[in-house]
1. Only one of LEU69, LEU43 is touching a Cys at 6+ places or on another chain (Cβ under 7 Å) and not in a helix (DSSP H, G or I); which?
2. Just checking, how many residues over the stretch 100-146 are at pLDDT below 95 and out of contact with any helix residue (DSSP H, G or I) (no Cβ under 8 Å at 6 or more places or on another chain)?
3. Collect the residues in the stretch 1-52 that are modelled with pLDDT under 80, among the hydrophobic types (A, V, I, L, M, F, W, C) and over 16 Å from the mean Cα position of the chain (by Cα), keeping them in residue-number order.
4. Could you go through the stretch 5-21 and let me know if any residue there is surrounded by 15 or more Cβ atoms within 10 Å (Cβ to Cβ) and polar (S, T, N, Q).
5. Restricting attention to the stretch 72-106, which residues are touching a residue at least 24 places away in the same chain (Cβ under 8 Å) and outside any helix (DSSP H, G or I)?
6. Could you tell me which of the residues GLU10, GLU49 is of a type outside the set (S, T, N, Q), more than 26 Å from SER98 (Cβ to Cβ) and outside any loop (DSSP other than H, G, I, E, B)?
7. Could you check the stretch 94-119 and list, in sequence order, the residues that are in contact with a Leu (Cβ under 9 Å, 6 or more places away or on another chain) and either closer than 18 Å to LEU28 by Cα or among the aromatic types (Phe, Trp, Tyr) (or both)?
8. For the structure I just gave you, tell me whether THR117 is assigned to a helix (DSSP H, G or I), among the hydroxyl-bearing types (Ser, Thr, Tyr) and in contact (Cβ under 8 Å) with a residue 12 or more places away in the chain.
Amino acid sequence: MQRTPGASGEYLRNAVMTATPEQLHLMLYDGAIRFITQAKDALAAKNLEACCEKLIRAQRIVLEMQRGLRPEHNPELCRNLEGLYTFVYNRLVDANISHDAGAMQEALQILEHQRETWRMLIERVQAAREKEGGEAQANQASNAAPRTDDSLPRASISLQC
């Protein structure tokens, strides 16, 4: 089923195009969580076709997150995440094959935990960037200020009345 482009599609497209890499990763977590939740709801409604479709979409997102790992930056972290994503993916496949709400819940809990961890990391990175940006602005301001010749005598001025 093809969606017609609308305001929500345009909003999502704009959000993706303007997002930082960190925000894009958070959006992937959000999508996987949303699809698993929808799959659970579909299973509860005994709509197995919708459940299957939503689980496949969540599986694709998890695979995309796994493909996006860059071990050259942090091999140990990437190994750990690869194992976690493989586990989540396998739980989603199991859930899809056996219509197992417990497997969906297990995958959902892991992704929700990872999403929250990622959100906190983004906040720390943004705070560090803002601090770095503030220090850079202060350095630019001091660099733009007129330089004094240290060889000249200095005079002190009192501002007290």
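1. LEU69
2. 23
3. Passing the criteria: MET1, ALA7.
4. no
5. HIS99
6. GLU10
7. MET104, ALA107, ILE110, GLN114, ARG115, TRP118, ARG119
8. It is false that THR117 is assigned to a helix (DSSP H, G or I), among the hydroxyl-bearing types (Ser, Thr, Tyr) and in contact (Cβ under 8 Å) with a residue 12 or more places away in the chain.
The values are calculated or read from the model by the stated rules, or taken from the named source; none is laboratory data. Keep in mind that what you see is a predicted model, and the values were worked out from it rather than measured. Neighbour counts are summed over all protein chains in view; Cβ atoms, including those assigned to glycine, are modelled from backbone coordinates with ideal geometry.
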